[in-house]
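Working notes, structure below.
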Amino acid sequence: SPEQRQPCPATRGSESSADPGGGMAKARVLYNFAAEPGNDELTVKEGEIITIANRDVGGGWCEATNAQGMTGLVPADYVEMISESVPLAPGGKAQNATTNLAAFDPFSSTQAGSSGGPAFGSSFTSNSNNQTNNADDPWFNWNTSSAGTWSANNAGAAEDDEWDDDWDESRPSPNILPRAESDSAEAGLTRGAPRNSSVKMSLNRFPTFSKHGPEVYLLSKQLVKLTEKITIHKGEIGPVWEYPTSSLSCVVADPKKGSKLYGLKSYIEYQVTPNSTNRAVNHRYKHFDWLYERLLIKFGSAIPIPSLPDKQVTGRFEEEFIKMRMERLQGWMNRMCHHPVVSNSEVFQLFITYRDEKEWKLGKRKTEKDDIVGVMVFSTVEPPAEDVGLLEAEQKVELFSKFTKTMDDGVKELLNVGQEHWKRCTGALPKEYQKIGKALQNLSQVFTTSGYEGESILTDPLTEAGKTYEEIANLFAEQPKKDLHYLMETNQEYKGLLGCFPDIIGVHKGAIEKAKEGDKLVALNKVTAQEKNTMVNRIGTMSYTFQAEMNHFHSNRIYDYNTVMQHYLQQQVEFYETIAAKLKQALTHFTVQQ
């Protein structure tokens, strides 16, 4: 990783003692890159000529010196070697063939084979609902209070115990520490995350994920190791992932409070036990957060990776919060375990099966150096033999786009209604029944003052009826935890999943638009006919990937909502049967006297 490189001849912001014009390789900058303060990075501009001091820093970075003698880190895939006309791939290695991204601009005067920068944006981040217009969203960043109601958690700072210095080794990137959120269009990096998350991420945190457009995959000739192949089959419902013969599951349990620095800092550690080994491994929340980040980097362009439950500053060691966090971590792990691609990935298997600290550290370093990330994950897909045309691919994207948007609206509506119903069941309704019960008992007390000998025939059952209504009030207050809670949790999970789709759809739409320009680019001699056909074929691979993922999504959606609605209705039936039984019992106390 960049933090593990050899010391620079000069740090950024100082004059280098090395001669920039020496024997080291020269490169041309393909994209603008703004360095972040304190991260040993170098600000470069498109078209600038720089000297590459170290092409293999790791983690997708190279070390470069500009014409003024300033030295620092630059994303390796943001530069193109002049002497070889081969752009650096992530990790500082040259790709197998030249990719002139400027060819995608049919109005550019740059000729094929030149080294001009691309004329279009290098990311296709859509303005999805999970990034804007959510001031009125009543269920973002919500937690369950001790009273059992949903409430917004407005924590504005990172948890000290979650982001301390007690990590296993140095961070994979100097950009990884939280900082203020930027207003840049790339703010959609953590797709599916709650809007007002308590920890904001650097927009340069995952450079290969956030700044690669689909064109990098469409014309890439990077070879993929056979072990990374992801197979798609043609099933009865269309393209489907290759599912394992036995399903994976993990149990998140046994939270324990630990401490360090002589008790000055505390944390909660959970046991994660997969059914594949039946051997528990221990993880803190920050380890789950690391896994989420790696999965987002690896698969985020093709597979929705929902965010983890939010961090919390206050009350994080309270029993109710620990229970709720564990339940939501369990739900998140269930979602990941049930995905055939994610659950079989090297990073996920490391998380659930590592045997000791050494294996954990080595595995982390290896996954953090993975070059097949972002849009390049499509290069690992092995689709069925049948081709998918551009028109069909575009129609599928539009179909899925409309459905996910409509479902997102429906999920939000149900959550809004559910939240109001929860408040009423735990607030207004119990109070109403308590008032009825109290009023009946007060009336009974008044009747006892009549002096009539047979008064108890009425006052005793009347008192019992009043107590029955007070019991019903308590039943209403407790019932949402038994039924509505699970319906709300399922909808919350799907809100997170649906929040990932706008950016995934944006990648597919962007790729299709670039492929549509193929004939024009061939006519302008900016790409060859073979390259144009390669682009179309790879659009087909992307379409198969999207269809397989949507079929997986639909299958899980139908199962999940069937299951949660059966539970909800069964609990509702039992709830009203209990109330009916109590009312029938109260009724038996009343007798009619002639």
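The values are calculated or read from the model by the stated rules, or taken from the named source; none is laboratory data. Remember, it's a predicted structure, so these values are computed and weren't measured experimentally. Ideal geometry is used to build each Cβ from the backbone, glycine not excepted, and the neighbour counts take in all protein chains shown. For the accessible areas, the whole protein counts, side chains as well, though only heavy atoms, and no ligand, DNA or RNA atoms are used. Shrake-Rupley method; radii C 1.70, N 1.55, O 1.52, S 1.80 Å.
Which one of Q547, Q570 is exposed (fewer than 13 other Cβ atoms within 10 Å of the Cβ), assigned to a helix (DSSP H, G or I) and not hydroxyl-bearing (S, T, Y)? If you could, list the steps in order and put the result at the bottom.
Details: Q547 fails: exposed (fewer than 13 other Cβ atoms within 10 Å of the Cβ).
After applying the criteria, what remains is Q570.
If I472 satisfies every condition in (1) open to solvent by 20 Å² or more (accessible area, probe 1.4 Å); (2) modelled with pLDDT of 95 or more but one, which is the exception?
Going through (1) open to solvent by 20 Å² or more (accessible area, probe 1.4 Å); (2) modelled with pLDDT of 95 or more one by one, I472 breaks only (1).
Cβ contacts < 6 Å: first residue polar (S, T, N, Q), restricted to region 241-252; second residue in a strand (DSSP E or B), any location; separation 6+ or different chain. Result?
Correct list of pairs: empty, since none qualify.
Of the conditions (1) within 26 Å of H508 (Cα to Cα); (2) at pLDDT 90 or above, E386 clears all except one; give me its number.
Of everything listed in (1) within 26 Å of H508 (Cα to Cα); (2) at pLDDT 90 or above, E386 misses just condition (2).
Just need a number here: residues in region 399-449 that are exposed (fewer than 14 other Cβ atoms within 10 Å of the Cβ) and touching a Phe, Trp or Tyr at 6+ places or on another chain (Cβ under 7 Å).
Qualifying residue count for the region: 0.
For E269, state whether it is of a type outside the set (A, V, I, L, M, F, W, C), modelled with pLDDT under 95 and in a helix (DSSP H, G or I). I'd like the intermediate steps shown before the answer.
Values: of a type outside the set (A, V, I, L, M, F, W, C): yes; modelled with pLDDT under 95: yes; in a helix (DSSP H, G or I): no.
When the stated conditions are applied, E269 does not pass them.
I need the full set of residues from region 328-349 which are open to solvent by 40 Å² or more (accessible area, probe 1.4 Å), part of a helix (DSSP H, G or I) and touching a Ser or Thr at 6+ places or on another chain (Cβ under 9 Å), in order please.
N334, E346, Q349 - these are the residues of region 328-349 that are open to solvent by 40 Å² or more (accessible area, probe 1.4 Å), part of a helix (DSSP H, G or I) and touching a Ser or Thr at 6+ places or on another chain (Cβ under 9 Å).
Any idea how many residues of region 55-74 are buried (at least 18 other Cβ atoms within 10 Å of the Cβ) and either modelled with pLDDT of 85 or more or more than 22 Å from V216 (Cα to Cα) (or both)? Don't jump to the end; show me each part of the working.
Initial filter on region 55-74 (buried (at least 18 other Cβ atoms within 10 Å of the Cβ)): 55, 57-66, 70-74.
Pick out the ones that are also either modelled with pLDDT of 85 or more or more than 22 Å from V216 (Cα to Cα) (or both) and you get 62-66, 70-74.
Going through region 55-74 one residue at a time, the tally reaches 10.
Just need a number here: residues in region 524-540 that are touching a helix residue (DSSP H, G or I) at 6+ places or on another chain (Cβ under 6 Å) and either charged (D, E, K, R) or touching a residue at least 24 places away in the same chain (Cβ under 8 Å) (or both). Please lay out each step first, then the result.
Within region 524-540, the subset touching a helix residue (DSSP H, G or I) at 6+ places or on another chain (Cβ under 6 Å) is 526-527, 529, 532, 535-536, 538-539.
From what is left, the residues that are either charged (D, E, K, R) or touching a residue at least 24 places away in the same chain (Cβ under 8 Å) (or both) are 526-527, 532, 535-536, 538-539.
Residues in region 524-540 being touching a helix residue (DSSP H, G or I) at 6+ places or on another chain (Cβ under 6 Å) and either charged (D, E, K, R) or touching a residue at least 24 places away in the same chain (Cβ under 8 Å) (or both): 7 in total.
Between A477, A428, A473, which is touching an Asp or Glu at 6+ places or on another chain (Cβ under 9 Å), under 30 Å from E413 (Cα atoms) and not β-branched (V, I, T)? Give the derivation first.
On the way: A477 fails: touching an Asp or Glu at 6+ places or on another chain (Cβ under 9 Å); A428 fails: touching an Asp or Glu at 6+ places or on another chain (Cβ under 9 Å).
Exactly one residue qualifies, and that residue is A473.
Could you please give the count of residues in region 550-567 that are open to solvent by 50 Å² or more (accessible area, probe 1.4 Å) and either aliphatic (A, V, I, L, M) or over 23 Å from the mean Cα position of the chain (by Cα) (or both)?
Number of matching residues: 6.
So, of the residues in region 356-398 that are touching a residue at least 40 places away in the same chain (Cβ under 8 Å), among the basic types (K, R) and under 19 Å from W290 (Cβ atoms), which turns out to be most open to solvent (accessible area, probe 1.4 Å)? Explain how you work it out, then say what you get.
Let us first name the residues in region 356-398 that are touching a residue at least 40 places away in the same chain (Cβ under 8 Å), namely 357, 360-361, 364-365, 367-384, 386-390, 392-394, 396-397.
After this cut, where a residue has to be among the basic types (K, R) as well, the list is 361, 364-365, 369, 396.
When the remaining residues are screened for being under 19 Å from W290 (Cβ atoms), the result is 361, 364-365, 369.
On the way: K361: 52, K364: 0, R365: 83, K369: 106 Å².
Across region 356-398, the extreme among qualifying residues is K369.
Are there any pairs with C-beta distances below 6 angstrom linking a residue in region 507-523 that is under 15 Å from S401 (Cα atoms) to a residue that is in a helix (DSSP H, G or I) and open to solvent by 20 Å² or more (accessible area, probe 1.4 Å), with the two at least 6 apart or on different chains, and if so which?
I512/E394
Does region 26-38 contain at least one residue that is modelled with pLDDT under 50, closer than 30 Å to A529 by Cβ, open to solvent by less than 30 Å² (accessible area, probe 1.4 Å) and more than 33 Å from the chain's Cα centre (by Cα)? Talk me through it step by step, then tell me what you get.
Just the residues of region 26-38 that are modelled with pLDDT under 50, to begin with: none.
Within region 26-38, none of the residues are modelled with pLDDT under 50, closer than 30 Å to A529 by Cβ, open to solvent by less than 30 Å² (accessible area, probe 1.4 Å) and more than 33 Å from the chain's Cα centre (by Cα).
What pairs can you find where one residue is in region 278-302 and hydrophobic (A, V, I, L, M, F, W, C), the other is assigned to a strand (DSSP E or B) and surrounded by 21 or more Cβ atoms within 10 Å (Cβ to Cβ), and their Cβ atoms are less than 7 Å apart, with a gap of 6+ or different chains?
A280/V272; V281/V272
Tally the residues that are over 33 Å from the mean Cα position of the chain (by Cα) and surrounded by fewer than 20 Cβ atoms within 10 Å (Cβ to Cβ), restricting the search to region 491-530.
Of the residues in that region, 9 qualify.
If I filter region 463-485 for residues that are without any contact (Cβ under 8 Å) to a residue 12 or more places away in the chain and farther than 25 Å from Y568 by Cβ, do I get at least one hit?
no
What pairs come out if I take residues in region 399-412 that are in contact (Cβ under 8 Å) with a residue 12 or more places away in the chain and pair them with residues that are part of a helix (DSSP H, G or I) and β-branched (V, I, T) whose C-beta lies under 6 Å away, six or more apart or interchain?
So the pair list comes out as S401/I505.
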